[in-house]
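I have placed the structure first, in the form of structure tokens, so that the comments after it can refer back to it.
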Amino acid sequence: MHPYAAVVQWIERGPLAFADVAMRAQVPLFPMVGTPSVTDPEKPYSKWVFRMSVPLSTDLPASMHRMVKDGKKRMAIFSEEDAYGQQGAAMAVELAKKLGVEVVENISAPKTATDLTTQATKIRNANPDAVLLVTASTGSGGAFLRKLQQVGLNVPVYGMAGIVQKQIITSGGTAAEMLIAPALVNPDEAGPLKELFALMKDNGGVDGFGAVLGANAAAGVVAALKSGATTGAQVRDAMEKIGSIKGYAAGPIKYSPTDHDSWGPETLIFVTVRDGKFKNL
């Protein structure tokens, strides 16, 4: 199986459903999700999986450290009831203990929820000075921000990298200005990604986080092929050895035999929303 045809997998839902098949076919997998279990080293397929999205182990601590830097001490957590949300909420509770942050409310909702009034009201009544939003969904993230605004809570909401897309402003409206988040890319300001913005200037522009994930996966595969790899197994081996890969992030992508997550704090920038646009902090 030629690596061009088989090695890049665009998977937003259920990457683990493909992982065993990829392992048996000796085809490396590049899932574009942040859920920690995707690269669990205890799983036999993990040696074939290379994350091509910011993991929760990177952006969640970045958000919480920013929260502490901003002087916030009473945090409420809102998460979606999926693997990403629940693993992230558990991670946040543990990190809060280390950072000396009080978790005054920890609440969730199904991804299909259409009314978040109960959750927003409970968070407001807990009187936090910051909210941690653990979701990669711009639709539900925006709906939650609007509901917080409607119930009268006006505190910073620290999000994850996955929601830094123009859709969060569309879905959140003016409530999106509560948001502070680490980002792989700011769709409204080039910052350290001037080369990407120049490339996309006459090709639709940069919409946000999701728009560059496939490009980063392709950059990794091309680097492996340039190193001489010609099969899926050789591409897999090359990904651990070729060192820094120049992708579309503030810092380089780099895998190793013991690290298939790669995306560290250096790949991120912080943004907020002002007057309907993302602004670099």
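The figures follow:
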item: The range 130-252 pair-distance distribution - Cα-Cα, 10 Å bins, rounded %; result: 13, 34, 26, 18, 7, 1
item: Assigned charges on the beta-carbon of Lys, Arg, Asp, Glu; the chain dipole about Cα centre (debye); result: 260 debye
item: Vicinal HN-Hα couplings computed from phi for the range 31-42 (Karplus, 6.51 cos²θ - 1.76 cosθ + 1.60; Hz; Gly/Pro x); result: x, 10, 9, x, 4, x, 5, 4, 10, 4, x, 6
item: Amide hydrogen neighbours beyond the local backbone of D259, cut-off 5 Å, H modeled; result: none
item: Peptides 249-262, 188-201 ordered by average Cβ neighbours within 10 Å, highest first; result: 249-262, 188-201
item: Span-like helix ranges in the chain, DSSP H, alpha carbon extent 15 angstrom or more, Kyte mean at least -0.5; result: 56-69, 83-99, 138-150, 209-226
item: Amide H partners (placed H, <5 Å) of T135, local residues excluded; result: M160
item: For the chain: Kirkwood Rh in Å [reciprocal of mean 1/r, alpha carbons]; result: 19.3 Å
item: Size of electric dipole in the range 77-211: Cβ of Lys, Arg +1 and of Asp, Glu -1, about Cα centre, debye, nearest 20; result: 160 debye
item: Residue-by-residue Karplus 3J(HN,Hα) for the range 244-257, coefficients 6.51, -1.76, 1.60, Hz, glycine and proline x; result: 5, 10, 7, x, 10, 7, 5, x, x, 8, 8, 9, 8, x
item: Gaussian network model of the chain, springs between alpha carbon atoms under 10 Å - residue of I163, I180, I242 with greatest fluctuation; result: I242
item: Karplus 3J(HN,Hα) series, Hz, for the range 192-203 with 6.51 cos²θ - 1.76 cosθ + 1.60 (x for Gly, Pro); result: x, 10, 4, 4, 5, 5, 5, 5, 8, 3, 9, 10
item: Estimated 222 nm signal from helices in the chain, with DSSP H stretches of n ≥ 4 weighted -39500 (n - 2.57), rounded to 500; result: -11500 deg cm²/dmol
item: Amide H contacts under 5 Å for V271, placed H, 5+ residues apart; result: A181, A183, L281
item: Per-pair calculated FRET efficiency, R0 = 45 Å: R24 and N154 via Cβ, rounded to 0.05; result: 0.30
item: Long pairs among K98/K279; K69/K226; K72/K277; K73/K147; K194/K241; K201/K226, criterion Cα-Cα beyond 32 Å; result: K69/K226
item: Diffusion coefficient, µm² s⁻¹, Stokes-Einstein with Kirkwood Rh over alpha-carbon pairs of the range 27-167 at 4 °C and 1.567 mPa s; result: 83 µm²/s
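Every read-out reported here was derived from the displayed coordinates using simple, explicitly stated rules and does not represent laboratory data. Quick caveat: nothing in here was measured; it's all calculated off a predicted structure. Methodologically, a virtual Cβ is constructed for each residue, glycine included, from the backbone with ideal geometry; neighbour enumeration extends over all protein chains shown.
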